[in-house]
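Just below is one structure, and these are the notes that go with it.
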Amino acid sequence: MNDFTLIRKNLTRRRLRAGLLIFSIFIAFLIFGMLGAVRHVFSGENIKIADDRLVTVNKINFTQSLPVAYVERIRAVPGVRAVSYANWFGGYYQDPKNQLFTFAVEPESWLATHPELQIDDAARKDWLGRRDGLLVGEAAALKWGWKIGDRVPLSSNIYSQKSNGSHSWDFTIIGLYTVADPNVSTNAVLFNHAYFDESVSFGRDTIGLVVLTVDNPAMNEQVGRAIDAMFANSPAETATDTAKAFNKAFAAQFGDIAMIVTLVVGAAFITILMIVGNTMVMAIRERTREIGVMKSLGFPARRILLLVLGESLLLSFAGGIPGIAVATVSVGLLGHALGDFVQGLTMTPGILATALALMTGLGFCTGILPAWKAMRLDIVTALGRS
Amino acid sequence: MSDNIIELSGVAKRFVKGKDTISIFDHLDFTVPRGDFVALMGPSGSGKTTLLNLLGAIDRPTAGEIRIQGQRIDSLSEGELARWRGTHIGFIFQFYNLMPMLTAAQNVELPLLLTRLDSRARRRNVETALKIVELADRANHTPREMSGGQQQRTAIARAIVSDPPLLLCDEPTGDLDRDTANEILSVLQLLNRDLGKTIVMVTHDPEAAKFASRVLHLDKGRFAERTTAP
């Protein structure tokens with residue numbers, strides 16, 4: 001037997017009570033883990049984007065288009081290194097529920113502004129030379145079982161073809177792209193803007209967004225201001241921001257998810273804190289006599305304090321660790337299922353570290369008062385021997 | 001070193017209750033020779049339990065000196081007192097006060113957690129203590145699975161497992177039937193005679209007092225008379 005045996009036996013002496021407390025803490029950390037991962041997705045913290053990349057969209061909102069002529073004018077702004085553009089295709093494969101991250105892009109400049117995309121020379125050559133070529137991210141290819149040379153029809157929930165009114169375009173997969181950083185998604189599907197633009201029934205010569213890189217990230221603000229000033233008071237005013245900020249703003253359209261998650265988790269934790277704290281106080285009060293006995297046996301006050309604190313910490317970890325473990329598995333499964341549209345839904349080391357800190361804090365906060373009381377307990381009073 | 005294991009001189013104990021000060025002892029002198037078995041008797045409120053508390057260093061005197069084995073304990077700090085209790089005193093309570101979630105062996109082992117003994121040595125000491133109280137076959141039973149007498153034997157084993165020279169018993173048979181009480185008192189007698197433990201036992205029961213070698217009657221904070229048990 002050792003102190004841990006004592007702590008464990010004390011904790012489990014009322015199994016139903018301990019079980020319910022552990023379960024409530026388990027639920028709290030399950031919620032924390034899952035919502036933490038969701039919060040992470042919507043905070044934009046997960047998005048790995050080069051610091052020198054800017055995005056220009058219509059000032060009204062990013063669903064409004066911009067004239068393609070803006071591209072050349074932006075290219076002329078001092079400090080701009082490379083410029084590309086894209087249209088959100090709103091694509092799906094076979095069934096509308098099979099949504100894809102599909103962009104119509106200008107191939108050569110897109111690769112110049114996105115150096116993280118790695119493709120072999122043959123694929124690069126094909127993509128630049130073939131109008132119906134489809135460049136597929138490794139993850140997307142894996143998900144749909146596509147391979148190079150496959151003929152793939154992709155449909156749009158926005159656009160249709162002017163020739164026959166069909167929402168589908170046929171593409172040939174000319175290559176797969178990969179990325180070095182495992183945190184960068186390879187779920188996107190890219191094809192030639194020219195192929196799209198010549199056949200689309202409306203919105204020709206317009207683009208959804210301009211992507212540019214600058215010579216130095218320190219110039220981001222200056223370049224952004226210059227671009228927006230250039231199109232001020234025009235029919236299509238622009239808003240330029242870093243790609244990181246753009247993605248963050250995109251996430252923010254769903255509401256202040258981070259704030260909502262924080263409030264939900266906070267409420268859950270305060271409730272758990274109250275319940276566990278109250279139960280610990282009651283549990284220690286029930287054991288007043290036993291604590292008196294332990295002190296009479298020679299257990300120093302500090303050791304009593306540590307035993308009680310150890311109990312509340314063990315309680316917290318007994319519920320918290322399984323909770324965060326189940327959350328990790330659930331988030332992984334969910335992330336896999338929603339992979340295309342909820343990128344970065346994963347349990348990050350930051351969330352795990354916060355969870356561990358919260359478990360420690362919960363154990364400490366709920367245990368310190370009863371532990372302090374137990375430490376200060378007068379033996380004569382505890383034994384009822386006055 | 002003196003032959004007295006317990007030496008009290010001029011001990012006073014007063015409690016403040018509201019505006020009143022209640023005096024339990026005013027100037028108590030008291031000695032117990034090493035190896036003695038003393039029964040403390042007296043009416044309720046006479047100060048028996050308070051005296052036991054003072055001897056066990058779980059309470060402090062208002063005035064006076066308390067020496068156990070020649071060491072003055074009334075001036076020790078709380079931490080020093082806790083350590084001192086662990087090595088010098090074995091408590092035996094009326095209601096056994098065992099930890100309900102621990103087995104008999106684990107209850108007995110409890111005071112040894114305060115020592116530097118390794119688990120093997122602790123286990124050996126626990127086995128010895130349980131053998132002395134004839135409870136080796138109940139080592140793995142929890143208090144709930146034992147009778148009152150067995151629980152009190154476990155409590156005695158816990159009191160002696162760290163080999164303290166002084167055992168303080170507060171009504172150790174107060175919750176037991178006559179036959180079981182006699183068995184427990186016989187164990188105490190054995191500990192006194194064969195292992196040389198000094199025992200101070202508070203009791204209301206004249207039959208229990210007969211097992212002691214000396215009976216002291218305490219009344220209103222003073223020893224009223226002295227008797228020697230047959």
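Quick check for me: using +1 on Lys/Arg Cβ and -1 on Asp/Glu Cβ, what's the dipole size of chain A about its Cα centre, in debye to the nearest 20?
Numbers: 35 positive and 31 negative charges, 544 e Å.
So the magnitude is around 2620 debye.
If I take every Cα pair under 8 Å that is 6 or more residues apart in segment A:65-235, average their sequence separation and divide by the length, what percent do I get for the relative contact order? Kindly include the intermediate steps, with their values, before the conclusion.
On the way: 325 pairs, mean separation 58.1, N = 171.
Once normalised by length, the contact order is 34 percent.
Antiparallel as a % of all DSSP beta bridges within segment A:117-217, to the nearest 5?
Working: 10 of 15 bridges.
Among the beta bridges of segment A:117-217, antiparallel pairing accounts for roughly 65 percent.
From the residues A:Asn187, A:Tyr92, A:Ala104, which one has its Cα farthest along the dipole of segment A:65-235 in the positive direction, the dipole being from +1 and -1 charges on Cβ of Lys/Arg and Asp/Glu about the Cα centre?
Comparing the listed Cα positions along the dipole, A:Tyr92 ranks first.
Scan around A:Thr102 for amide H atoms under 5 Å from its own, H built in the peptide plane at 1.01 Å from N, and keep only partners 5 or more places away or cross-chain.
Under 5 Å from the amide H of A:Thr102: A:Phe89, A:Gly90, A:Gly91, A:Val189.
Compute, for chain B, the length of the dipole vector about the Cα centre, with Cβ point charges of +1 (Lys, Arg) and -1 (Asp, Glu) only. Units Debye, rounded to 20.
On the way: 29 positive and 29 negative charges, 94 e Å.
Charge dipole, chain B, about its Cα centre: 460 debye, nearest 20.
Where a Cα-Cα gap under 17 Å defines reach, which lysines qualify for B:Lys48, not counting those fewer than 8 residues away within the same chain?
B:Lys13, B:Lys220
Can you give me the angle between helix B:148-160 and the longest principal axis of chain B, using Cα atoms only, in degrees from 0 to 90, rounded to the nearest 10?
Taking Cα atoms only, the helix is inclined about 80 degrees.
Suppose the Debye formula is applied to equal point scatterers at every Cα of chain B; what is log10 I(q)/I(0) at q = 0.11, 0.14, 0.15 Å⁻¹?
Once normalised to I(0) and log-transformed, intensities are -0.55, -0.89, -1.01.
Give the accessible area for A:Val329 in Å² (nearest 10); use a 1.4 Å probe, count only protein heavy atoms, and leave out ligands, DNA and RNA.
Solvent-accessible area, nearest 10 Å²: 90 Å².
Give the angle, between 0 and 90 degrees and rounded to the nearest 10, that separates the Cα long axis of helix B:178-195 from the longest principal axis of the Cα atoms of chain B.
Roughly 80 degrees, rounded to the nearest 10.
If you look at just the Cα atoms of chain A, how large are its Rg and its Dmax in Å?
Just the Cα atoms of chain A yield Rg and Dmax of 29.4, 100 Å.
Are there chymotrypsin sites (Phe, Trp or Tyr not before Pro) in segment A:265-371 that DSSP puts in a loop and that have at most 16 other Cβ atoms within 10 Å, and which ones? Let's see the in-between values first.
Working: sites: A:Phe269, A:Phe317, A:Phe341, A:Phe364; in loops: A:Phe341.
Counting only loop positions with at most 16 other Cβ atoms within 10 Å, the chymotrypsin sites (Phe, Trp or Tyr not before Pro) in segment A:265-371 are A:Phe341.
Using Cα springs under 10 Å in a Gaussian network model of chain A, which residue among A:Arg225, A:Arg15, A:Arg81 shows the largest mean-square fluctuation?
Greatest mean-square fluctuation among the candidates belongs to A:Arg15.
How many nm separate the modelled label positions at A:Ile158 and A:Glu116, each set 7 Å beyond the Cα in the direction of the Cβ?
2.2
Only helical DSSP H runs with n ≥ 4 go in: add -39500 (n - 2.57) per run for chain A, normalise by residue count and round the 222 nm mean residue ellipticity to 500 deg cm²/dmol. Display every interim value, and only then the final one.
Numbers: 14 runs with 204 residues, N = 386.
It lands at -17000 deg cm²/dmol.
Only Cα pairs within less than 10 Å get springs; with that Gaussian network setup on chain A, which residue of A:Thr56, A:Thr102, A:Thr288 has the largest fluctuation?
Answer for the Gaussian network model of chain A: A:Thr288.
With a 10 Å cut-off between alpha carbons and a GNM built on chain A, which of A:Ala140, A:Ala180, A:Ala318 moves the most?
Of the options given, A:Ala180 has the highest mean-square fluctuation.
Please enumerate, by chain and number, the aspartates and glutamates with C-alpha under 13 Å from the C-alpha of A:Lys147, excluding those fewer than 8 residues away in the same chain.
By straight Cα distance, A:Lys147 reaches A:Glu138.
Segment B:1-35: which trypsin sites (Lys or Arg not before Pro) are DSSP loop and have at most 16 other beta-carbon atoms within 10 angstrom? Please list the in-between numbers first.
Values: sites: B:Lys13, B:Arg14, B:Lys17, B:Lys19, B:Arg34; in loops: B:Lys19, B:Arg34.
The qualifying sites are B:Lys19, B:Arg34.
For labels at A:Thr262 and B:Phe223 in the simple 7 Å Cα→Cβ model, what's the distance in nm?
7.3
Name the shape class, rounded, prolate or oblate, that the alpha-carbon gyration tensor gives for segment A:65-235, where a ≥ b ≥ c are the square roots of its eigenvalues, rounded holds for a/c under 1.5, and otherwise prolate holds if a/b is larger than b/c and oblate otherwise.
Values: a/c = 2.08, a/b = 1.34, b/c = 1.55.
Verdict is oblate for segment A:65-235.
Can you list residues from other chains, or at least 5 along the same chain, whose modelled amide H is less than 5 Å from the amide H of B:Gly64?
When sequence neighbours closer than 5 places are left aside, the close amide H contacts are B:Ala12.
Taking amide hydrogens as modeled 1.01 Å from N in the peptide plane, which residues meet the under 5 Å criterion relative to B:Gly35, leaving out close sequence neighbours?
Answer set, sorted by chain and number: B:Thr198.
What accessible area, in Å² to the nearest ten, does a 1.4 Å probe give for A:Asp95?
Accessible area of A:Asp95: about 60 Å².
For chain A, list the DSSP H helices whose alpha carbon atoms reach 20 Å or more along the long axis and whose average Kyte-Doolittle value is 0.0 or above? Present the calculation step by step, with values, prior to reporting the outcome.
Numbers: long enough: A:15-43 (40 Å, 1.63); A:257-286 (43 Å, 1.96); A:301-337 (53 Å, 1.45); A:349-376 (39 Å, 1.07).
Length and hydropathy pass: A:15-43, A:257-286, A:301-337, A:349-376.
I'd like the orientation of helix B:119-132 relative to chain B: the angle between its Cα long axis and the longest Cα principal axis, in ° from 0 to 90, rounded to 10.
80
What is chain B's relative contact order, in percent, from Cα pairs under 8 angstrom and six or more apart in sequence?
Numbers: 454 pairs, mean separation 62.9, N = 230.
Relative contact order, chain B: 27 percent.
Taking the solvent-accessible surface of protein heavy atoms with a 1.4 Å probe, what is the per residue accessible area of chain A in Å²?
47
Can you give the accessible area of B:Trp84 in Å² (nearest 10), computed on protein heavy atoms with a 1.4 Å probe?
Spelled out: B:Trp84, probe radius 1.4 Å, area about 10 Å².
Helix-only estimate, please: 222 nm mean residue ellipticity of chain B, summing -39500 (n - 2.57) across DSSP H runs of length 4 or more and dividing by its residues, to the nearest 500.
Values: 7 runs with 74 residues, N = 230.
Helix-only estimate at 222 nm: -9500 deg cm²/dmol.
Among A:Gly145, B:Leu51, A:Thr354, whose Cα sits farthest toward the positive end of the charge dipole of the protein assembly as shown (+1 at Cβ of Lys/Arg, -1 at Cβ of Asp/Glu, about the Cα centre)?
B:Leu51
Could you compute the FRET efficiency for B:Lys17 and A:Val326, with r as their C-beta to C-beta distance and R0 at 35 Å, rounded to 0.05? Walk me through the numbers on the way to the answer.
On the way: r = 56 Å, r/R0 = 1.59.
Step by step, r from the Cβ atoms, then E = 0.05.
The values are calculated or read from the model by the stated rules, or taken from the named source; none is laboratory data. Here the structure is a predicted model, which means the values were calculated and not measured. Neighbour counts are summed over all protein chains in view; Cβ atoms, including those assigned to glycine, are modelled from backbone coordinates with ideal geometry. Accessible surface is based on the protein model in full, side chains and every heavy atom, while ligands, DNA and RNA are left aside. Shrake-Rupley method; radii C 1.70, N 1.55, O 1.52, S 1.80 Å.
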